[in-house]
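Everything on this sheet refers to the single structure shown next.
The values are calculated or read from the model by the stated rules, or taken from the named source; none is laboratory data. A quick note: this is a predicted structure, and the numbers were derived from the prediction, not measured. Don't worry about glycine lacking a Cβ; one is built from the backbone with ideal geometry, like all the others, and counts go over all protein chains shown.
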Amino acid sequence: MVSPPYDEVKEIVEFRLNQTHELLEEFEYDLHKCNPEEFYAFLLGDKIANKRVTVRDILGSEYLMLHVAVEISEFIKMGIEIGEKTVSGNPPEKVYEAHLKAADYEMGYALLLEDYYWMKHRLGYLVRMIEGDEGLPEALKAAAIQIYDSFKPYKDY
């Protein structure tokens, strides 16, 4: 499915991003905001290379919006430019570091809402990453396992 041009979804992107930024500020997360155009360029870029998760999926999910907003914020903290090449243009260590931080916040939010179904789904994704993602730097595998272990008790609720 081809994503629409930014001009066609501008209001939706702005609205959803503002909602997510407000939520993260309530959590007292050290948020480094991007603008809606950067956010959308990031979504259209190589971030969604597997195409299993669409722009529509992300904009429609408070969990995925939170995940992407944290991921982008972490990239900004590292001094990484946000856009279509944020993922492919940077070292895997930085990409996975931002991704794992985002996964931790995402699952923490799901726990807060007692959405155990979502947690189980995303814990399955995390296990697949730990066990089979050859791109996951060995130095970050322990961090991924620690995140998994901290949420594992809730996966069978």
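Mind telling me which of the residues Thr54, Thr20 ends up being β-branched (Val, Ile, Thr) and either more than 25 Å from His121 (Cα to Cα) or buried (at least 16 other Cβ atoms within 10 Å of the Cβ) (or both)? Explain how you work it out, then say what you get.
Details: Thr54 fails: either more than 25 Å from His121 (Cα to Cα) or buried (at least 16 other Cβ atoms within 10 Å of the Cβ) (or both).
Going through Thr54, Thr20 in turn, the sole match is Thr20.
Which of the residues spanning the range 71-112 are among the charged types (D, E, K, R) and crowded, with 21+ Cβ neighbours inside 10 Å? Write out each step before concluding.
If we filter the range 71-112 for residues that are among the charged types (D, E, K, R), which is where we start, we get 71, 74, 77, 81, 84-85, 93-94, 97, 101, 104, 106.
Correct list: Glu71, Glu74, Glu106.
Exactly one of these conditions fails for Ala102: (1) outside any helix (DSSP H, G or I); (2) assigned by TED's automatic domain parsing to the domain that holds Asp133. Give me its number.
With (1) outside any helix (DSSP H, G or I); (2) assigned by TED's automatic domain parsing to the domain that holds Asp133 applied to Ala102, the lone miss is (1).
If a residue has to be in a helix (DSSP H, G or I) and free of Cβ contacts under 8 Å to residues at least 12 places away in the same chain to count, how many in the range 79-99 make the cut? Explain how you work it out, then say what you get.
Taking the range 79-99 and keeping what is in a helix (DSSP H, G or I), we get 92-99.
Within this subset, residues satisfying the condition of being free of Cβ contacts under 8 Å to residues at least 12 places away in the same chain are 95.
The qualifying residues number 1.
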